[in-house]
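The values are calculated or read from the model by the stated rules, or taken from the named source; none is laboratory data. This one's a predicted model, so the numbers in the text were calculated from it and none came from an experiment. Here the Cβ is made from the backbone with ideal geometry for all residues, glycine too, and neighbour counts use every protein chain on show. Side chains included, ligands, DNA and RNA excluded: accessible areas come from the protein's heavy atoms. Shrake-Rupley method; radii C 1.70, N 1.55, O 1.52, S 1.80 Å.
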Amino acid sequence: MTQRSDTGPSPVLALKDVSKSFGAVRALRDVSLELFPGEVHALAGENGAGKSTLIKTLAGVHRPDAGQVLLDGEPTVFHGPADARDAGIAVIYQEPTLFPDLSIAENIFMGRQPRRALGRIDHKATNAATLALMQRLGVELDPDRPARGLSIADQQIVEIAKALSFDARVLIMDEPTAALTGSEVARLFGVVRTLREQGAAVLFISHRLEEIFQICQRVTTLRDGAWISSELLDGMTEDDLVRRMVGRDLDELYPKQEVQAGEVALSVRRLTREGVFTDVSFEVRRGEIVGLAGLVGAGRTEVARAVFGVDRWDAGEVEVDGKALTNGAPSTAMAAGLALVPEDRRAQGLVMDMSIERNIGLTGLRTTVKAGLMNRGAERSRSLDWAVKLQVKYARIADAVSTLSGGNQQKVVLAKWLATGPKVLIVDEPTRGIDVGTKAEVHRLLSQLAADGVAVLMISSDLPEVLGMADRVLVMHEGRLTAEIPRSEATEESVMAAATGRAAA
Amino acid sequence: MADSSLARAVRWDTVVGALLIVVLLLSFGFVDGFGNALNLSFLIGNTLPIALIALPMTLLVVSGEIDLSVASTAGLSGAVMGALWNQGMTIETIIPLCLLLGAVCGLINGLLVTRLGLPSLAVTIGTLAAYRGIAQIVLGSDAVTDFPTQYLDFAAGRIGDTFIPYAFLPFLVLLAIAVVVLHATPFGRSLFAIGASEEAARFAGIRVKRQKLILFTMTGLMASLTGVFWALHYASARYDNATGLELAVIAAVLLGGIDFDGGKGTLGGAIAGVFLLGALQNVMSLQDVSAQSQIVVTGVLLVLSVLGPRVARQISVARAARSAG
Ligand SMILES: Nc1ncnc2c1ncn2[C@@H]1O[C@H](COP(=O)(O)OP(=O)(O)OP(=O)(O)O)[C@@H](O)[C@H]1O
Ligand SMILES: [Mg+2]
């Protein structure tokens, strides 16, 4: 641990010996942390280590059971997020919290819209301010568009824009980049650097370690709710950081097995959904992991949704094992052996109020049945099996999934679909929000599935993940497949070139 | 530690069950004329229409939908039954026809909700008026009372000198079926998922629209069964039979802890709510409380029933936190 508070500037915001429990779960124990102006501070730790809880304590969402929050060195009690915001603290939470029926601009300037005479909201000024924020982040989003239906990445961008719009002294970001691709991340980091130079203090969480090394100067590590270390990143290696987080050395992050590809399992031909994607054709063979890369908004998720049947397609066809799928029918897709791990775990992947057991059980309503009735014993052991295989960290299998940390919720979604024993597995951001240790575990699992003859289509914004795991990389740009790159030729440059439309295949 | 706090967590359906027992015991002790077999058979017989419709309504509310047209469907079935009887048709042909009609009424609600994506509250307010209007067209202001006596006796009579109406037995069978369907089949499980998060249910391959269509159709069918029972039980088929029954059903179901937002509740709780409401109404009638005041009581119960489970949940959360913390 390094001390510098006696020499350098004093911390704007700090936690001192803070503890916080949820029922029997001790999410934070005696944790201290200091945020200095002009510094980007990383918070690292495995899923469920207590990072989000720490952030919510700083932001006034949670009140610490013990310990203090210090603002400019003074003990402070935030009675709610509004108090923290008034103190100049802007927070981006791990899960987007937008109002679906309000426009992007209204979401960003909620309650603070520029006014005209008589207190009327100035829509023009609001939209112009929104556009300016979007430009800073280098994305094109229509300010008038309602938040409903935005992809997770776009929702994340709106949350970032909202936080930036406060001109805060302290910016706290809980996995803001989890759904973003390289170019959006680069933009975000550009903005963060500017803020830092202007003297803001930034707290940053990410499970992509390379990002921590890119943008942060200092790192605090948590393990099981306990403080492990706070130190400068200079001179540290990724392995050092992992050891702090996990307490041991890590296996290989991309344990890709070489598998001889078998017959075609998934075949998509000339698939088109008006205005969303056009003329998309590809095949995935048994034993293959095919990566689907592209920028946010390129249409990757939309293709996956149509193939699985939650959206209808306008033209084209989809076959699993040579059998054509019905348009717009997820149940027949499932029956044919298709599984989709969707990108938005809270809205699509999970029923948040239901237990872990029943969430995993939802995909077994056809199989864990005896004489037409639910076979509860079979359902429980199926759920337990998979929860254990994916190392979900929970107190009781009957607890609501909403009590799990973000990464553990993601594991439940994976468990739910792997439990179906799919022939074709489509995973959309399978490791979003998952810590390095478990990420390696998920990769090992995907690799093993492929070795067992499953055809895997992997959508991921994490380019190293795509490059590390995929046999082939398909690249989409503005709703079209623009390139197919074999593993041997796939590099960051070649994929990014195709994703940004600079190269045509 | 955590386990015992779970066991002690206040469950609203248990609360309602306990409340029902308390009300029954108090009434036995303090209300003149309550405890005799005849009055109890009246209590049950008068509550049966609410109970019958409460079965499918519970499933519907669990899945996040509602049907306000049930009383009108019941009235329409009664009216059609009367009109066909006047035409000289046999009751054995009439009843299946009425049930079919009810199923069609429900199917129409279901199609409007699932195909056009309209909210069920709006759709069924519309069909509430429409079905009742058709009932009036069919039967005018006539009252048909001369149904065959063995049917009337079955619908109004009780087993010997006991407090059990004949009609209570088939109800128990239907109740058992509904409990199994909601709490022990994949279909029932999918309803909870749909009610809690329709999108997540769809992504899990659950056929949301189909399930809802089945539910609305079943609700219409049960509503018409209730309409047939009503006409026979009270020996009177009129177009305005069962008017306002939907409010009693919904009040009872919510009172029983079925969450109006969907995804939560048990059939046991709902049926306890139904009979709690029925017992209170019976007691009020015995005490000569006016019909208007009875409606006020129902209204107050409706508000309490929406508040109650929320308060109970908060208490149990607070308790769990305290006992474990
Ligand atoms: N509202 C809650 N109720 C009960 N338990 C909770 C609640 N919020 C968090 N927890 C528990 O507290 C612990 C820490 O959770 P937290 O969300 O802070 O983890 P995290 O470090 O942010 O993990 P991740 O990387 O997965 O986001 C976990 O065990 C989690 O299950
Ligand atoms: Mg978190």
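Could you rank A:E210, B:E65 by how accessible they are, 1.4 Å probe, largest area first?
Per-residue accessible area, sorted high to low, gives A:E210, B:E65.
For chain B, with a Gaussian network of springs between Cα atoms less than 10 Å apart, report the residue from B:D288, B:D142, B:D153 with the top mean-square fluctuation.
B:D288
Taking the full set of protein chains and a 1.4 angstrom probe, give the accessible area of A:E317 in square angstrom, rounded to the nearest 10.
About 80 Å², ignoring ligands and nucleic acids.
Mind listing P(r) for the range A:201-326? All alpha-carbon pairs, 5 Å bins, whole percents.
2, 8, 14, 13, 10, 8, 10, 11, 10, 9, 4, 0
Could you tell me which of rounded, prolate or oblate describes the range B:12-323, using a ≥ b ≥ c as the square roots of the eigenvalues of the alpha-carbon gyration tensor, with rounded for a/c under 1.5 and, failing that, prolate when a/b is larger than b/c and oblate otherwise?
Oblate, because a/c is 1.5 or more while a/b does not exceed b/c.
Counting only other chains, and only Cβ atoms inside 10 Å, what mean value do you get across the residues of A:348-355?
Rounded to a whole number, the mean comes out at 6.
Could you tell me the largest-minus-smallest coordinate of the C-alpha atoms of the protein assembly as shown on each of the three principal axes, in descending order and whole angstroms?
95, 64, 61
Suppose all protein chains stay in the model; what accessible area per residue would a 1.4 Å probe give for the protein assembly as shown, in Å²?
41
With the full set of protein chains in place, find how many percent of the accessible area of the range A:73-147 is carbon and sulfur; take the probe as 1.4 Å.
55
Among B:160-167, A:42-49, what's the highest-first ranking by average C-beta atoms within 10 angstrom per residue?
Ranked by mean Cβ neighbours within 10 Å, highest first: A:42-49, B:160-167.
Evaluate the relative contact order of chain B (contact order divided by residue number), counting alpha-carbon pairs under 8 angstrom at least 6 apart; express in whole percent.
Taking the mean separation of contacting Cα pairs over the length of chain B, I get 36 percent.
Which percent, to the nearest 5, of DSSP beta bridges fully inside the protein assembly as shown are antiparallel? Present the calculation step by step, with values, prior to reporting the outcome.
Working: 47 of 84 bridges.
Antiparallel bridges make up about 55 percent of those DSSP assigns within the protein assembly as shown.
What quantity of accessible surface, computed with a 1.4 Å probe and excluding non-protein components, is buried in total between chains A and B, in Å² to the nearest 100? Each step should come with its number before you reach the end.
Working: alone 21140 and 15030 Å², together 33950 Å².
Chain pair A/B: roughly 2200 Å² of buried accessible area.
Run down the lysines and flag those whose C-alpha is under 21 Å from the C-alpha of A:K124, throwing out any fewer than 8 positions away in its chain.
Candidates past the 8-residue exclusion: A:K162.
Heavy-atom accessible area of A:D224 with all protein chains present, probe 1.4 Å, nearest 10 Å²?
The value for A:D224 is about 80 Å².
Please arrange B:L99, A:L164, B:L118 by accessible surface area, largest first, computed with a 1.4 Å probe and ligands excluded.
Most to least solvent-accessible, the answer reads B:L118, B:L99, A:L164.
I want to verify a result. In a Gaussian network model of chain B, Cα cutoff 10 Å, which of these has the top mean-square fluctuation: B:S69, B:S224, B:S141?
The residue that fluctuates most here is B:S141.
Just to be sure I understand the interface: list residues from the range A:357-392 that lose 30 Å² or more of accessible area between the chain on its own and the complete protein assembly, 1.4 Å probe.
A:R358, A:L362, A:L365, A:L373, A:M374, A:R376
Using a Förster distance of 25 Å, how high is the FRET efficiency between B:L304 and B:I21, based on the Cβ-Cβ distance and rounded to 0.05?
Here the calculated transfer efficiency is 0.90.
Could you list the square roots of 5 times each eigenvalue of the Cα gyration tensor of the range B:257-309, that is, the equivalent ellipsoid semi-axes, sorted largest first and rounded to whole Å?
Ellipsoid semi-axes (Å, largest first): 24, 13, 6.
Can you give the average number of partner chain beta-carbon atoms within 10 Å of each beta-carbon in peptide B:188-201, as a whole number?
Details: counts 3, 10, 2, 0, 5, 8, 1, 2, 6, 9, 1, 8, 14, 3.
Partner-chain Cβ atoms within 10 Å, mean over residues of B:188-201: 5.
Please give every one of the lysines within straight-line cross-link reach of A:K423, meaning a C-alpha to C-alpha distance under 26 Å, and leave out same-chain neighbours fewer than 8 residues apart.
A:K256, A:K323, A:K370, A:K389, A:K411, A:K439
Counting only the heavy atoms of the protein chains, how much of B:I108 is accessible to a 1.4 Å probe, in Å² to the nearest 10?
Probe radius 1.4 Å; accessible area of B:I108 about 70 Å².
With labels modelled as points extended 7 Å from the Cα through the Cβ direction, what inter-label distance (nm, one decimal) is found for A:R148 paired with A:F213?
Taking the simple label geometry, A:R148 and A:F213 are separated by 4.5 nm.
Tell me whether the range A:263-500 comes out rounded, prolate or oblate; compute the Cα gyration tensor, take square roots of the eigenvalues as a ≥ b ≥ c, and use a/c under 1.5 as the rounded threshold.
Judged from the Cα gyration tensor, the range A:263-500 comes out prolate (a/c at least 1.5, a/b above b/c).
With labels modelled as points extended 7 Å from the Cα through the Cβ direction, what inter-label distance (nm, one decimal) is found for A:A117 paired with B:A37?
8.4
Using the basic label-point model (7 angstrom from Cα toward the beta carbon), what is the A:L250 to A:S494 distance in nanometres?
Result: 2.6 nm between the two label points.
Taking Cα atoms of the range A:466-505, Rg/Rh with Kirkwood Rh, to two decimals?
Rg/Rh for the range A:466-505 comes to 0.93.
Please find the FRET efficiency linking B:L286 to A:K124, where r is the Cβ-Cβ separation and R0 is fixed at 60 Å, and quote it to the nearest 0.05. Let's see the in-between values first.
Working: r = 68 Å, r/R0 = 1.14.
After rounding, the FRET efficiency stands at 0.30.
What is the gain in length, in nm to one decimal, between A:D30 and A:A451 on full extension, counting 0.36 nm per residue of separation less the C-alpha to C-alpha distance? Mind showing how you got there, number by number?
Working: separation 421, 0.36 × 421 = 151.56 nm, distance 4.51 nm.
Result: 147.1 nm gained on full extension.
Taking the Cα atoms of the range A:328-434, what is the range of coordinates along each of the three principal axes, in descending order and whole Å?
The Cα atoms of the range A:328-434 stretch 35, 30, 23 Å along their principal axes.
Between A:R487 and A:T237, how high is the FRET efficiency from 1/(1 + (r/R0)^6) when r is the Cβ-Cβ distance and R₀ = 35 Å? Nearest 0.05.
0.85
In percent, how large is the relative contact order of the range A:263-500, given Cα pairs closer than 8 Å and 6 or more residues apart?
Values: 494 pairs, mean separation 68.0, N = 238.
Relative contact order, the range A:263-500: 29 percent.
For the range A:263-500, what proportion of DSSP beta bridges, expressed in % and rounded to the nearest 5, is antiparallel? All intermediate terms of the calculation are to be shown ahead of the outcome.
Numbers: 22 of 40 bridges.
Antiparallel: roughly 55 percent of the beta bridges in the range A:263-500.
For B:K264, A:K256, write out the residues from largest to smallest accessible area, computed with a 1.4 angstrom probe and no ligands counted.
Per-residue accessible area, sorted high to low, gives B:K264, A:K256.
Return the carbon/sulfur percentage of the accessible area of the range B:167-267, one whole number, probe 1.4 Å, all protein chains in place.
The nonpolar share, carbon plus sulfur, comes to 69 percent.
Run the accessible area of the range A:263-500 with a 1.4 Å probe and give the carbon-and-sulfur part as a rounded percent.
Here it works out to 47 percent.
What's the local net charge at A:L362, with K and R +1, D and E -1, over the other residues with C-beta under 12 Å away? It would help to have the intermediate numbers written out before the result.
On the way: positive: A:R358, A:R366, A:R382, A:K416, B:R189, B:R202; negative: A:E357, A:E379.
Charge balance in the 12 Å sphere: +4.
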